[in-house]
Amino acid sequence: MVRLNKNGGPRNPEKIDRMCALFTDLSSKDMKRDLYIVAHVIRIGRMLLNDSKKGPPHLHYRRPYGCAVLSIMDVLQSISELKEEKDFVLKVYT
């Protein structure tokens, strides 16, 4: 889970090096399948359409905002070709 601020940046910039995942239990058989990284984006905040100051200030709701998908095969192919680290961008669909 990664928490972002209202501008889309990391909530704690000093912990940006911890925003990663390591999958150690994938076998070679798994790597031949169609695998995807799926990101569910959840908005935490007021239920109002705009952020006006009406209503109780202490109530925050979790609600779906969007979803993004990235194919693991695309990642593996580009890493094997370049032999270096690369950033991948996931488009969030709302």
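The values are calculated or read from the model by the stated rules, or taken from the named source; none is laboratory data. Just so we're clear, the structure is a prediction, and the values are computed from it rather than from any experiment.
Observations on the model:
- Residue within the range 28-48 that is aliphatic (A, V, I, L, M), assigned to a loop (DSSP other than H, G, I, E, B) and at pLDDT below 75 present: yes
- Boolean, D87 is in a loop (DSSP other than H, G, I, E, B), within 26 Å of D30 (Cα to Cα) and modelled with pLDDT of 75 or more: yes
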